[in-house]
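**Student:** The following block contains the structure, expressed as C-alpha cells.
The values are calculated or read from the model by the stated rules, or taken from the named source; none is laboratory data. Note that the structure is predicted; figures quoted are calculated from it, not measured. Positions of Cβ are generated from backbone atoms using ideal geometry, with glycine treated the same way; all protein chains shown enter the neighbour counts.
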Amino acid sequence: MPDLLARDATGQLAALKAKEVSAVELLKLALARHEQTHARLNIVVAADLERALEAAKAADDLRAKGAGGPLTGLPMTIKDTLDVIGMPASSGVEALRRRKAEDARAVALARQAGAVIWGKTNVPVMAADWQSFNALYGTSNNPWDPSRTPGGSSGGAAAALAAGVTPLEIGSDIGGSLRVPASFCGVFSHKPTWGLVSQVGHVPPAPGSHAERDLNVVGPMARSARDLRLLMSILTEGVPAKAEVADPARLKLGLWLDGFPLDAEVRAVIEDLGRRLEQAGAEVRPISAPVPLDQLMSAYQVLLGSLVALDMPGKAQARMRRLRGPAALALKMGADPRSWAGSVRAYAATHAEWIAADEVRARLRHTAEEAFASFDAIIAPVTPVTAFPHDHRPFQTRRLKLSDRSQIPYSSMLNWIALATACHLPVTTIPAGLASGLPVGAQIIGPHGSDSRTLAIAQAIDENFAGFIPPPLADA
C-alpha cells in the first residue's frame, strides 16, 4: 500500500471510495512516511495524533454508511500560520504556540469536508522569509536537496507534498509564500484573487484579528492541478466557480521573461514549456512587462512594508520612525530603493504614503487588465533562481547566485511575484521542468477574478505537458 502515497489527493480519495484502503490505514501510512523523512527534512513540526485517529475512525464509519464529504478520510497537514484546534499557529514563535485556538476558517472548511488534519508544517518566523527556519522548530530542508531551502513561507507545506507526506495543504501568500515553495519543491499552488478565501485564523496578524489584510491570501497546494481545483471548491465557501476546461490548442498566452533578473537555466525551462504549448497548437507570444516595473516595485514596497511593520516589536517600529528623515534624504540623494533607505520608507510609511501607493496600484491593475485583453493568461517565472542553499545570515548580507556566477540582491525574490500580489490577481503555479536537477515553477497569471481560468489552464498543462515529478529522496 505505500504506493498510495504517490497518488495525488484525487487518487487517494478514489482508493478510499473503492475500499482499497481505510482512512485509518491511510493516516498510518502518512505518519510512517513522516517518520521516515523527518530526520533529514524536518517539515512536519507539530502533530495531534489522538484527534486525527478519532477523525479517521469516524471517516471510515461515514464511508461505510455511504456518507461523507468530498475529502472524507483524506489525511492532511496545515501550514503553521493557520490556527488548528489543538495546534495553534505558532508562526515560529514560542509565545503563540502556548494558547488555545479554534480552526482558522479555511481549516474548518477542509475539516467539514471530511479531511483528517493531523500535523502542522514549518514556516519562517512570522512568515517573513523565503526560507523556512525558526528557533522553535529548526530548519526545513528541500526533498530534492536537503542542503537547500524548500522556500518560504509555505516551505514545510511544499516539502511535505513533494515528499509524499501529505496529498493536500493549505498555505498563504503575501510575498510569494505559496508560489516560491511550489517552484522550489516542484508542486502546484494557487494564489486566489484577493478576498476570495477567508484569512480569519491566519497568524500574522495577531491572533483574533478579523480584518482581511491587504495583499495576503490563503490558498491550496497540491501535487496536481485537479487537486487544487478540488480544494479551492471547498475553500471558497459555496462561491460558484465555473467548471472551465482549457483546450491547449485554443489558448492565447503571453510569455513574460524580461524586465527583471532571471537565471539563464530558469529561463530556458520556461521557454521550453512555451515551445511545447506552441507545438500543441497554443498561441504563445513573448511580451514585455505588462506594467511599468519601477512603479510596480515602488508601490508594492510601500504596500507590503507597511503591513510587515505592524508585526514588528514596538522598539523596532519606533526605530523605523526615527530613521524616516535620514532615509528620505538618502533616497533624494539617489540611494537605491532596495537599500535600507527604501525599506525604512516602506516600514515607516504614513497613511498618506500608503494611499499614494494604493493609487499607483489601482492604475497598474487597470494597465494590466488591458494587457490581458489579448491573452487568456500570462506565463512568467516565479523566482529568478532555483532553490538555493540555506542562508541564515541577516537579509541585507544575503545574495542570490545565478548559473553564470553573477549575483543579485536577495530582495530580487520579490520581483516576479509582485504584479499578481500588488494587483490582487490570481496565479496558479505549476512545475515547468528541471534546471540542473532542481525544479522550476511557472506562474499562470490571470485577470482579476479569473481563478477558474488559470486553474483550468494549469490542469491542461499538467495532464499534457508538465506535471509533478517525485524528488529522488521521496523514494529513498
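**Student:** Just the residues that are more than 25 Å from residue 83 (Cβ to Cβ) and touching a residue at least 12 places away in the same chain (Cβ under 8 Å), please, taken from the stretch 38-48.
**Tutor:** 40
For every residue, the table says whether it meets (1) surrounded by fewer than 21 Cβ atoms within 10 Å (Cβ to Cβ); (2) under 18 Å from residue 78 (Cα atoms); (3) among the basic types (Lys, Arg).
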{"site": "188", "(1), (2), (3)": "no, yes, no"}
{"site": "198", "(1), (2), (3)": "yes, yes, no"}
{"site": "206", "(1), (2), (3)": "yes, no, no"}
{"site": "210", "(1), (2), (3)": "yes, no, no"}
{"site": "221", "(1), (2), (3)": "no, yes, no"}
{"site": "224", "(1), (2), (3)": "no, yes, no"}
{"site": "233", "(1), (2), (3)": "yes, yes, no"}
{"site": "247", "(1), (2), (3)": "yes, no, no"}
{"site": "257", "(1), (2), (3)": "yes, no, no"}
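**Student:** Can you tell me which residue in the stretch 65-94 is farthest from residue 204 (Cα to Cα), limited to those that are in a strand (DSSP E or B) and of a type in the set (A, V, I, L, M)?
**Tutor:** 76
**Student:** Within the group 31, 62, which residue is within 14 Å of residue 77 (Cα to Cα) and either assigned to a helix (DSSP H, G or I) or of a type in the set (A, V, I, L, M) (or both)?
**Tutor:** Just a single option satisfies the conditions, and that option is 31.
**Student:** Let me confirm something: among 14, 32, 39, 23, which residue is closer than 25 Å to residue 187 by Cβ, modelled with pLDDT of 95 or more and touching a Gly at 6+ places or on another chain (Cβ under 9 Å)?
**Tutor:** Residue meeting the stated conditions: 23.
**Student:** Being of a type in the set (Val, Ile, Thr), without any contact (Cβ under 8 Å) to a residue 60 or more places away in the chain, crowded, with 22+ Cβ neighbours inside 10 Å and at negative phi narrows it down to one of 107, 84, so name that one.
**Tutor:** Unique residue meeting the criteria: 84.
**Student:** Would a scan of the stretch 167-183 turn up a residue that is touching a Phe, Trp or Tyr at 6+ places or on another chain (Cβ under 8 Å) and more than 25 Å from residue 411 (Cα to Cα)?
**Tutor:** Taking every residue of the stretch 167-183 in turn, none turns out to be touching a Phe, Trp or Tyr at 6+ places or on another chain (Cβ under 8 Å) and more than 25 Å from residue 411 (Cα to Cα).
**Student:** Something else: Would you say residue 419 is part of a helix (DSSP H, G or I), in contact (Cβ under 8 Å) with a residue 40 or more places away in the chain, in the same structural domain as residue 266 (by TED's automatic domain parsing) and buried (at least 24 other Cβ atoms within 10 Å of the Cβ)?
**Tutor:** yes
**Student:** Let me spell it out: the conditions are (1) farther than 13 Å from residue 221 by Cα; (2) in a loop (DSSP other than H, G, I, E, B), and residue 126 meets all of them except one. Which number is the exception?
**Tutor:** Unmet condition: (2).
**Student:** Being polar (S, T, N, Q) and within 13 Å of residue 130 (Cβ to Cβ) is the filter; apply it to the stretch 155-186 and report the residue that is surrounded by the fewest Cβ atoms within 10 Å (Cβ to Cβ).
**Tutor:** 183
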